[in-house]
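First the structure, which I've put down as structure tokens, then a few questions once you've had a look.
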Amino acid sequence: MVLALSGAAQTLDSTGRATTLGLLGRIDPRARLIATLLFACVVVASHWIPTLLIALAASCTAMVFAQLPIASTLKRMAAMDSFIIFILILLPFTMPGEAMFTVFGFPASWEGLWRAVEIGLKANAVVLMLMALVGTMEAVTLGHALHHLKVPERLVHLLLFTVRYIEVLYEEHVRLKQAMKARGFKARNSLHTYRSYGYLLGMMLVRAMERSERILDAMKCRGFTGRIPLLGRYEYTKRDTVFAALMGALLMILIGTEIYHAV
Amino acid sequence: MHIVDGALSNPVVVTGAVLAVGGVAYGLKKLPMEKIPAAGVLSAAFFVASLIHVPIGPSSVHLIMNGLAGLILGWAAFPALFVGLLLQAAFFGFGGVTVLGINTVNIALPAVLAYLVCIKGVRSSNLTTATVWGGVCGALSIALTTLFVAISLAMTGEEFIPAAKFVFFAHIPVLVIEGLLSAVAVYFLRLVKPEVLGAFEEVKR
């Protein structure tokens, strides 16, 4: 069982080079990171519902171009929405304003409803864009791109190690769970269950720690001095200019409609 | 426990980002290059732990275990948990972009605080005392995290205060589970590999 750390069906090929899929996959990762960041800031700062609808439409377009699997991506979005739905449902009742209807004597306000819709649209638009532009990168590429954007080297190294070992530890976790099952363990609401999970967690941490000691030894043996040379080089191509122009135009439209509404 | 984009007011988001940058920078400063592989592997371990679902009543919750992360990583929990949240947001769509800072603070600051309060206790020569402190650490970090989330919501506007209260009380069962599991995990670590607890402290020479 493998835990895929990428939305798109995109992996390193046998020679270790990142293979890319889709039109967006060929865009410079740095450009995709910066575009996501700017898009998020503009969307969060906007308040007019039509502006946010344009943003969400743009995110959906990006999702299609990034060749994200649509069904599973939307499922993830739904999972995120189910987290915030309680807060959004409470809003109409807690925000003062013109009453829309009353439930058990509690008035629900239009202002609260619009606020909830606004938050829902913003959250979905930004996360969808993030998954389309950044989530489709190979996680290692994300590290390299961050390095080229002057993110501290140690943080990048930490990210690269984390990315490398998530799958390994996930498989370890699956093996431990299998061993528990083989001994007749079944998760219930009992102290025994919680104690077993605690031991599982402790064992995972012990193995992780011991693994990291072996990794460091092996790396030192190969001349590790505390730095991993990050060799990825990126070149700006015509495609990136087109991408930048399109994203720039989108941001202009978003800001433009927001200002138009405000005036 | 993740807050999404667009829910919080700008001052809260900016404060969160500034605090997160400070915390991550300080955590990295305390993390020598030699320990980065270990920190990375542990960061991955806590990422995997957050995928474990534990039954609770008719439902189940996923673990956070930031208290345990604090006990092992110390201040390095800040960058380690930040990396986990970044990966979760980008690849799983949990969280958001502008709220990455505040989410990091809400998870990592309690980890560090719980570490500072409990590390002496879990090192106690008495195994029972150590186990109890492990439980305190797990419960305290979750209590602080829900409190911080509630404060972030309440600072955004009056209309969020009921939601903030709801978040706080809804997490009391989670707090109990995390405390229990942390206690057992600390007990286990004390027996099997006690040097793991506080493994990232600077060695005084």
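The values are calculated or read from the model by the stated rules, or taken from the named source; none is laboratory data. Predicted model, so just to flag it, every value in this text is computed and none were measured. Don't worry about glycine lacking a Cβ; one is built from the backbone with ideal geometry, like all the others, and counts go over all protein chains shown.
Restricting attention to helices (runs of 4 or more DSSP H) lying wholly within region B:7-113, give those where 1 or more residues are surrounded by fewer than 20 Cβ atoms within 10 Å (Cβ to Cβ) and facing another protein chain (nearest Cβ under 9 Å).
Details: elements: B:10-29, B:36-49, B:66-73, B:77-87.
Hits in region B:7-113: B:10-29.
So is A:R239 farther than 30 Å from A:F161 by Cβ and touching a residue at least 40 places away in the same chain (Cβ under 8 Å) or not?
On the way: farther than 30 Å from A:F161 by Cβ: yes; touching a residue at least 40 places away in the same chain (Cβ under 8 Å): yes.
Spelling it out, A:R239 is indeed farther than 30 Å from A:F161 by Cβ and touching a residue at least 40 places away in the same chain (Cβ under 8 Å).
Can you name the residue in region A:84-118 that is more than 9 Å from chain B (Cβ to nearest Cβ) and touching a Leu at 6+ places or on another chain (Cβ under 7 Å) and is also nearest to A:V44 (Cα to Cα) among such residues?
Per the stated criteria, the residue is A:A116.
Separate question: Select from region A:139-176 the residues that are among the basic types (K, R) and surrounded by 15 or more Cβ atoms within 10 Å (Cβ to Cβ) and write down the one among them that is nearest to the other protein chains (Cβ to nearest Cβ). Steps first, please.
First, pick out the residues of region A:139-176 that are among the basic types (K, R): A:150, A:154, A:164, A:175.
Going one step further and asking which of them are surrounded by 15 or more Cβ atoms within 10 Å (Cβ to Cβ), we end up with A:154, A:164.
Details: A:R154: 5, A:R164: 7 Å.
Ranking the candidates gives A:R154 first.
Same structure, new question: Can you tell me which residues in region A:24-76 are over 20 Å from B:L86 (Cα atoms), at pLDDT 85 or above and in contact with a Lys or Arg (Cβ under 7 Å, 6 or more places away or on another chain)?
A:I27, A:L52
Something else: Looking only at region A:119-138, which residues are part of a helix (DSSP H, G or I) and facing chain B (nearest Cβ under 7 Å)? Break it down into steps so the answer makes sense when it comes.
If we filter region A:119-138 for residues that are part of a helix (DSSP H, G or I), which is where we start, we get A:119-133.
Across region A:119-138, the qualifying residues are A:I119, A:K122, A:A123, A:V126, A:V127, A:L130, A:M131.
Right, here's the next one. What are the residue pairs meeting all of these: first residue in region A:53-73, first residue assigned by TED's automatic domain parsing to the domain that holds A:I255, second residue surrounded by fewer than 18 Cβ atoms within 10 Å (Cβ to Cβ), Cβ atoms under 6 Å, and 6 or more apart or on different chains?
Pairs that qualify, where the first residue is assigned by TED's automatic domain parsing to the domain that holds A:I255 and the partner is surrounded by fewer than 18 Cβ atoms within 10 Å (Cβ to Cβ), are A:F65/A:L23; A:A66/A:G22; A:Q67/A:L21; A:Q67/A:G22.
Of the numbered conditions (1) among the hydrophobic types (A, V, I, L, M, F, W, C); (2) in contact with an Asp or Glu (Cβ under 7 Å, 6 or more places away or on another chain); (3) under 30 Å from A:V42 (Cβ atoms), A:F243 fails exactly one; give the number of that condition.
Among (1) among the hydrophobic types (A, V, I, L, M, F, W, C); (2) in contact with an Asp or Glu (Cβ under 7 Å, 6 or more places away or on another chain); (3) under 30 Å from A:V42 (Cβ atoms), the lone unmet condition for A:F243 is (2).
Just need a number here: residues in region A:232-252 that are in contact with a Leu (Cβ under 8 Å, 6 or more places away or on another chain) and more than 14 Å from A:L23 (Cβ to Cβ).
The qualifying residues number 1.
Only residues that are within 28 Å of A:P152 (Cα to Cα) and either more than 7 Å from chain B (Cβ to nearest Cβ) or exposed (fewer than 14 other Cβ atoms within 10 Å of the Cβ) (or both): list them for region A:185-218, please.
Taking region A:185-218 and keeping what is within 28 Å of A:P152 (Cα to Cα), we get A:205, A:208-218.
Within region A:185-218, A:E210, A:E213, A:R214, A:D217, A:A218 qualify.
Step by step: first the residues of region B:155-166, then only those that are touching a Ser or Thr at 6+ places or on another chain (Cβ under 6 Å) and free of Cβ contacts under 8 Å to residues at least 40 places away in the same chain, then the one that is farthest from B:G57 (Cα to Cα). Which residue is that?
If we filter region B:155-166 for residues that are touching a Ser or Thr at 6+ places or on another chain (Cβ under 6 Å), which is where we start, we get B:156, B:159, B:162.
Pick out the ones that are also free of Cβ contacts under 8 Å to residues at least 40 places away in the same chain and you get B:159, B:162.
Working: B:E159: 31, B:P162: 24 Å.
This residue is B:E159.
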